[in-house]
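Values in this text are rule-based calculations from the coordinates and carry no lab data. A quick note: this is a predicted structure, and the numbers were derived from the prediction, not measured. Positions of Cβ are generated from backbone atoms using ideal geometry, with glycine treated the same way; all protein chains shown enter the neighbour counts.
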Amino acid sequence: MSEQLSYEQALELLDRKLKALEDGDLSLDDALSVVDEARTYLRVAEQRLEEARKRIEVRPEGAGMDEQR
Amino acid sequence: MVRPEEARRPLTVSELSFEIRRALRPLSTVLVKGEVTGLKRTGRGNYSFSVRDQQAVMQAFLYGDQARRLGIVPEDGQVFVFRGKVDLWKSGALNLIVDFIQFDDVGRLRAQLEAVKRRLELEGAFAPERKRRLPFLPRVVALITSPTGAVIHDLQETIRDRYPNMEILVYPAQVQGTASPGSVVLALRRCNQEGRADVVVIARGGGSFEELYAFDTEPVARAILASRIPVVTALGHTSDRTVADMVADAECRTPTEAGTRVVPLKRDLLAALAERRRRLERETTRQLAGHAERLAQRRQRLAQVPPALLRRRAERLERFRSELARLSPVRQLERREELLRERGARLEAASRRLLRQRRAELAGRDASARLERALTGRLTAAETGVGHRRRRLQALSPERVLARGYSITLDEAGHVLRSAAGTAPGRAITVRLGAGSLAARVEETRP
């Protein structure tokens, strides 16, 4: 499910989990599973960012366009 | 068979020619109106052509120099009023040597022009809001002009200077003469039909009112209005704007100006693009860095969570353990003992303090008699309450001991002797008994 998340969605979920953890009224078991979820969202957000970086880096060189005209 | 006049000496050809030329002298400054046909440019740059009306034809000749002075080169189909002289050339040809040319009926043309302008004005053809915007950067520029001469050269050069690989399509047209309006209209129509160009320039290198006549005609004006492609005129330096200028979407004077108008400077565009590319890259990097920073912050926060979870719980456990220890029975006993000890110490200190105070009070009262009295008084007062105490006191008092048969030995100074070593043989001693005392002398000491 997390695979379909956008960067913003993952970030928002991550923030929600972080807040829940920092508020600190979870049982230990719950807190640990929330940590796991938060890590998943963090990983997704980082992946999305990395994908964006790659897309920007592999874009066609602008120079080619200029020479056609 | 020879008739008498034939017997006269025949004229030479030169003589005949001379005679004819003399006869032609009255025709040395004639005005002739006619249509030009068969115009040819001779090897020496002069023009030979025919002038005709419905019935007759006449050879005519115009020197190149003269044509340049007049600023007019006649074209086939045009009707002019020619001024010149009729001359017989040595070749035997009869020629009209032209020295002045005037368009026929200029007044009529101007009147027609005014009518066209009025009609178009009423239709709103000159309104600025009707004019189309020229494309920012055309893919193809069309030129409607004469395929030879300085105009097309200047146009192409300007455009290629500004935009080296700009595609230029030339639609050749006659820009002068009676065939010109039709030619321009056809070229413009073709340009629109092909639809390859994004802007079209109609150009010509200036000229007199008559020469620019084509651009004042209604068909040309209508063709410009009907063009889907924006039209720019560049008809040269003239005092009067032509109708074509008025209906065109942009109006320039020279080919250079038109070239500048329709095509931007490529190096400016490239510089602007490069600048935007730099901005884009900078912005992209900045954005990515910003997001990476946000994620890094969260990663750090997240990393702090599990240790904190454990630490909080460990701290709570530690608190419970110390609480539990505090509540254990052994510790309770110890605490109570501690409390007792502490209170005992305080009690002792307090009693000592009291005792000291009393002693000081007693010392303050020098009269032992008063002390005695007071003590006796108190004792008497408390006699019944403290009877048993007095009895114990009496049991311990030295008098009671003496009464039981013990004695106390004192030295000369009245000090109690507790050891035989405290005296020596021959020394006086006093022995106190239960009743009375003995004055005695030591005979011998035994350790």
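Measure nothing but the geometry: give the 0 to 90° angle between the long axis through the Cα atoms of B:266-327 and the longest principal axis through the Cα atoms of chain B, rounded to 10°.
20
Looking only at other chains, what is the average number of their beta-carbon atoms within 10 angstrom of each beta-carbon in B:288-296?
Other-chain Cβ atoms within 10 Å of each residue's Cβ, averaged: 4.
Per-residue Cβ counts within 10 Å, from other chains only, averaged over B:427-439: what number is that?
Per residue, the number of nearby Cβ atoms from other chains is 0 on average.
For the stretch B:246-321 and the stretch B:111-144, write down the distance between their C-alpha centroids in whole Å.
45
If you restrict to DSSP beta bridges whose two residues both lie in the protein assembly as shown, what percentage is antiparallel, to the nearest 5?
65
Based on alpha-carbon centroids, what's the gap between the stretch B:33-107 and the stretch A:1-31 in Å, whole number please?
Taking the Cα centre of each part, the stretch B:33-107 and the stretch A:1-31 sit 98 Å apart.
Based on DSSP H runs of at least 4 residues, each adding -39500 (n - 2.57), what is the mean residue ellipticity at 222 nm of chain B after dividing by all its residues, to the nearest 500 deg cm²/dmol?
My calculation for chain B gives -16000 deg cm²/dmol from helical runs alone.
To the nearest 20 Debye, how big is the dipole of the stretch B:4-104 about its Cα centre, given +1 on the beta carbon of each Lys and Arg and -1 on that of each Asp and Glu?
Its charge dipole is roughly 360 debye.
Restricting to the stretch B:4-104, compute how many DSSP beta bridges are antiparallel as a %, nearest 5.
Here the antiparallel bridges make up roughly 90 percent for the stretch B:4-104.
Which residue, B:Glu323, B:Glu35, B:Glu75, tops the fluctuation ranking in a GNM of chain B built on C-alpha contacts under 10 Å?
Judging by the Gaussian network model, the answer is B:Glu323.
Helix B:387-396 against the longest principal axis of chain B: what's the angle in degrees, Cα atoms only, rounded to the nearest 10?
Between the helix axis and the principal axis of chain B, the angle is about 70 degrees.
Assuming a strict under-27 Å limit between Cα atoms, what lysine pair count do you get for the protein assembly as shown once near-sequence pairs (fewer than 8 apart, same chain) are dropped?
Taking the protein assembly as shown as the scope, the lysine pair count is 6.
May I ask what percent, to the nearest 5, of DSSP beta bridges between residues of chain B are antiparallel?
Looking only at bridges with both residues in chain B, the antiparallel portion is about 65 percent.
Counting only other chains, and only Cβ atoms inside 10 Å, what mean value do you get across the residues of B:299-310?
Averaged over the peptide's residues, the number is 5.
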